[in-house]
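Right, one structure below, let's go through it.
Each value in this text was obtained by applying a stated rule to the coordinates, not by laboratory testing. Note that this is a predicted model, so its numbers are computed, not measured. Positions of Cβ are backbone-derived with ideal geometry, glycine not excepted, and every protein chain shown enters the neighbour counts.
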Amino acid sequence: MKATVWLVLGLVLAVPPARAGAPAQTEKTLDEIARVATIMVDGDVCQHILTPRALEHMLKHDPRDDWQAGDNYDVNNEAFIQTKKTLIRLAMIAPFPVDVNLWMPVPTTKDVHIVIRNKYDLSQFWNGDLEQPMPAPVQQVLKTGDRVTVAEKPGMVSVLAPVRNSLGEIVGVLEVVSSNSAPAHDEQ
Amino acid sequence: MKGAGKLRKLGSRLLLLLLVPGICCWASDFAALSAYHRPDPFGGIVASDQPGANWGHAIKLIAARGGYVSFQLVVKSDHTCSNCKLSIEFSQPVEVYREWFHFNTPDKHYYPDALVPVNLPYTFQMPDQENAISGQTARAFWVDLWIASGTKPGLYHGHARLLEGASSKAIPFIVSVTSAEIPAQDVVSIDSNTYGLGWLRQQYPKALNGSDRSNEDEQFHLVQQYYIIFYENRTTFHILGYSHAGYVDPGFAPELAGSGIQKHIVSWDKFDRLFGPLLDGSAFADTRRGPSPIPFMYLPINPEWPANYLWWGEPGYQTEFTNVMGEMEHHFREKKWTTTQFEMFFNQKKRYKGFEWDGDEERFPADYSYMLAYHDLLIKSLPADTPVHFIMRADVSWTMGKQMDILKNAIDLWCASGGMYVWSSDKLPELRQRGDTVWNYGGTPSVQDVSVSTAFDPLRTWIRGVDGFERWLAVDPGTTPFQSLSDGGTETLVYSGERFGVEGPIPSIRLKLQRNVVQDLDLLEVEAQRGDRDAIKAQVVRLFDNTSLAQWSHSSAPPPAGPVLDWTNADIGDALKPYDAQFPTPHPNAWQSVHDFAVEQFGGAQ
């Protein structure tokens, strides 16, 4: 069922899980995870997540079918699972709920797409679309390779860090993110 | 449904009689309308409902027992009135709602839809200051008359009365209560679906002010109110408690702790507070229909719950899954929640980037194996003799025929795209033989569609012989529905009652019309079981839109050519055009004709 509208609404309205501790300590923890994440996440594997067929459909526009890109979105399971499990382990470093998301540029365009999200639905940038315009902080990390801390969305902090492949190229960006909105505990 | 409407040869049994008003020199007009002819705020009828509309000063209705019968009252006045008073005298229970006129952005016209409950006598102003429509000259009221099961058949007389100062106008009405009894159980499950809790926070800013987990009780109460309003209006309700990336909202699952062999349930408190009254039926004690456990419920199972996705493909995943689900079965059994069908349903799609496979509307053949793997896990979790009904559900479209073969004996509930099902309907006997349940799914008619459009999907469900129909999103009226409907209300059948002081949802005209349709289908099914089912169905579709049974079940055009992965939504739309073109836009009185047939034929008019 076509649930995109609901999905975006849910993202806007969702009460994200909480982090504990002072903001400075939180940022320090997130930054440390981001630093380790750059080391642990394999950029070559990330580059194999999206299938060529899915990319082909992302790049083409069908005026008669608004859903064609999403309906044809597909991933290579092995690369996806390996990377997602690494992101989950990285998030577990924090003693409070954290998501580590993977962003990658969409080839031949100026857009970016989130490639892997995690269970708290946290992100300061994702708008619910398959792909979207490149946020400036993501662009900055792709260009410089520096880690960047972002606190644009109320209550949320993200540290962005580069993902490199075996050639040393920056091929993606990790968003290590938490929120200060408060569940009593981790519902999971 | 397209094309010009056709006048029904079978005349409406809802008689609108023109009588001489009792008092002359009255500047207002007080009139009755059938439930299917919606008024506009300027003294007219909305365009789509105009054929066959009659403004009446008396009304006669025919009703079965154990259900509602409905009509509308309209006060038209070109002068202001600060102290108009509406009252109704009737020996049976009466529920009255003021109709809210929504500005519909797509066609820039006003339509009544939200129904705000009022207590009688009801004092009101003309025009409605709150609705704030420039040039408004009409206010409208929806009247539901409840005819309880066991009511003595006969003629019941009532009056609706409008007072303005010393002046008075009355509309007499007669209800012919037949011996027909609407069964307590509906023949089709017409379902209203939604996802998560984000929509609640948008629609109840006062109740959930500054919403966080401290508003948990208010959230749980509101969720229960949605179950109640849908139950009272003969639809079931589904609310999915997890996101595309696997986050489970509070209360939608028991709380877990530990990892691997240590993972277990540590608290049922929230889950039981939210779902306990729904699962034992006590939440519905104050409804007309009486207490009854909910028939269906989504489980929180997803790739991230109860097992940690980190262990997917490793022994720990099965251990966590089976241990927690075993505990869940034990809890449900102890609570005697043995009526509800607990659905293991995967809603995630890989396009939302949480997981690598589609659970909903699977398109890629590689994803089928996940469904089989989870079915295996569920079976491993449960005692063979469990009295609790854990089932596996799949929502299918692109590849439904193939899935119905490959996933046989794994899927118990098929929720199949209402349009594309026409190409797989020949599988129904086989699915029936397996004991599977089959639903269709689709959207909700817009307010600008002819009122009787709400009957189409419930009717098609019954005609096709499937078990239910799910409106995939039925609680989202948009951000400012009382100012304007951005999408014609196609994602809702209810509205937030908060601005009117109601602690929960309020119904819509479309929900009420749908309820009345389901009541009639229940009656028709009783008679179909006694007699010639096909003849009764054939008569019903002839009365509804002058079609034949074969038109409803089969398409003359095949599905798109080539592999499914090459199909587009446009291809499907094109392939379905010949099927859709068979159904003309129904006349606003179309269902009235079916209602009269159902109640009069099988109950005997008084």
query: Any idea what angle helix A:77-91 forms with the longest principal axis of chain A, computed on alpha-carbon atoms, 0 to 90 degrees, nearest 10?
result: 20 degrees
- request: Have a look at B:Pro51, B:Ser179, B:Ala132 and report the one farthest towards the positive end of the charge dipole of the stretch B:15-180, computed about the Cα centre with Cβ charges (Lys/Arg +1, Asp/Glu -1).
  value: B:Ser179
- request: Sum -39500 (n - 2.57) across every DSSP H segment of at least 4 residues in chain A, then divide by the residue count to get the 222 nm mean residue ellipticity, nearest 500.
  value: -10500 deg cm²/dmol
field: Charge-dipole axis of chain B as Lys and Arg at +1 and Asp and Glu at -1 on Cβ define it, positive-most pick from B:His102, B:Phe597, B:Val266
entry: B:Phe597
- request: Under a cut-off of 17 Å between alpha-carbon atoms, report the aspartates and glutamates in cross-link reach of B:Lys60, not counting same-chain residues fewer than 8 places apart.
  value: B:Glu89, B:Asp144, B:Asp596, B:Glu600
query: Which shape class applies to the stretch B:119-271: rounded if a/c is under 1.5, otherwise prolate when a/b exceeds b/c and oblate if not, where a ≥ b ≥ c are the square roots of the Cα gyration tensor eigenvalues?
result: oblate
query: How many nm separate the modelled label positions at B:Arg530 and A:Lys110, each set 7 Å beyond the Cα in the direction of the Cβ?
result: 7.3 nm
task: Let me know the mean shielding of A:111-122 by other chains, meaning the per-residue number of their Cβ atoms within 10 Å of its Cβ.
output: 4
- request: Starting with the fewest neighbours, write out B:Asp40, B:Asp78 ranked by other beta-carbon atoms found within 10 Å of each beta-carbon.
  value: B:Asp78, B:Asp40
Among A:Leu167, A:Leu87, A:Leu102: highest mean-square fluctuation, GNM of chain A, C-alpha pairs under 10 Å: A:Leu167
Low-density loop cleavage sites - GluC sites (Glu not before Pro) in the stretch A:80-188, where at most 15 other Cβ are within 10 Å (DSSP): A:Glu152, A:Glu169
- prompt: Do the alpha carbons of any pairs in B:Lys206/B:Lys350; A:Lys119/A:Lys143; A:Lys153/B:Lys108; B:Lys152/B:Lys537; A:Lys110/A:Lys143; B:Lys335/B:Lys380 sit beyond 24 Å of each other, and which pairs?
  reply: B:Lys206/B:Lys350; A:Lys119/A:Lys143; A:Lys153/B:Lys108; B:Lys152/B:Lys537
task: In whole angstrom, note down how far apart the Cα centers of the stretch B:50-102 and the stretch B:544-571 are.
output: 41 Å
query: Using Cα pairs under 8 angstrom and six or more residues apart, how large is the relative contact order of chain B, in percent?
result: 18 percent
Mean Cβ neighbour count within 10 Å, used as a protection proxy, ranking B:425-432, B:539-546, B:157-164 highest first: B:539-546, B:157-164, B:425-432
task: For an R0 of 41 angstrom, estimate the FRET efficiency from the Cβ-Cβ distance between A:Leu167 and B:Leu382 and round to the nearest 0.05.
output: 0.20
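Return the calculated 222 nm mean residue ellipticity for chain B, to the nearest 500 deg cm²/dmol, obtained by summing -39500 (n - 2.57) across DSSP H runs with n ≥ 4 and dividing by the residue count. Walk me through the numbers on the way to the answer.
Working: 13 runs with 157 residues, N = 606.
So the helix-based figure for chain B works out to -8000 deg cm²/dmol.
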- request: Express in whole angstrom the spacing between the alpha-carbon centres of the stretch B:310-363 and the stretch B:146-169.
  value: 52 Å
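Apply 1/(1 + (r/R0)^6) to the Cβ-Cβ distance of A:Asn76 and B:Ile261, taking R0 = 30 Å, and write down the FRET efficiency to the nearest 0.05.
About 0.40, to the nearest 0.05.
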statement: Among the DSSP H helices of chain B, those whose Cα atoms extend at least 30 Å along the helix axis and whose mean Kyte-Doolittle hydropathy is 1.6 or higher are none
message: Past the 52 angstrom mark, what percentage of all C-alpha to C-alpha distances in the protein assembly as shown do you count?
response: 17 percent
query: To the nearest 20 debye, what is the magnitude of the charge dipole of the stretch B:198-476 about its Cα centre, counting +1 on the Cβ of each Lys and Arg and -1 on the Cβ of each Asp and Glu?
result: 480 debye
message: Can you give me the distance in nm between label points at B:Asn409 and B:Leu372, each placed 7 Å from the Cα along the Cα-to-Cβ direction?
response: 1.1 nm
- request: Determine, from the Cβ-Cβ distance of B:Gln50 and B:Ser486 and an R0 of 25 Å, the FRET efficiency 1/(1 + (r/R0)^6), rounded to the nearest 0.05.
  value: 0.50
message: So for the stretch A:20-179, considering every pair of alpha-carbon atoms, how many percent are separated by more than 19 Å?
response: 52 percent
message: 7 Å from Cα along Cα→Cβ at both B:Gln185 and B:Asn83: what's the point-to-point distance in nm?
response: 5.5 nm
- request: Please average, across the residues of A:85-95, the number of beta carbons from any other chain that are within 10 Å of each residue's own beta carbon, and give a whole number.
  value: 2
- line: Reduced to Cα centres, the span from the stretch A:52-117 to the stretch B:451-482 in Å works out to 34 Å
query: Would you list A:Thr149, B:Thr492 from fewest to most Cβ contacts within 10 Å?
result: A:Thr149, B:Thr492
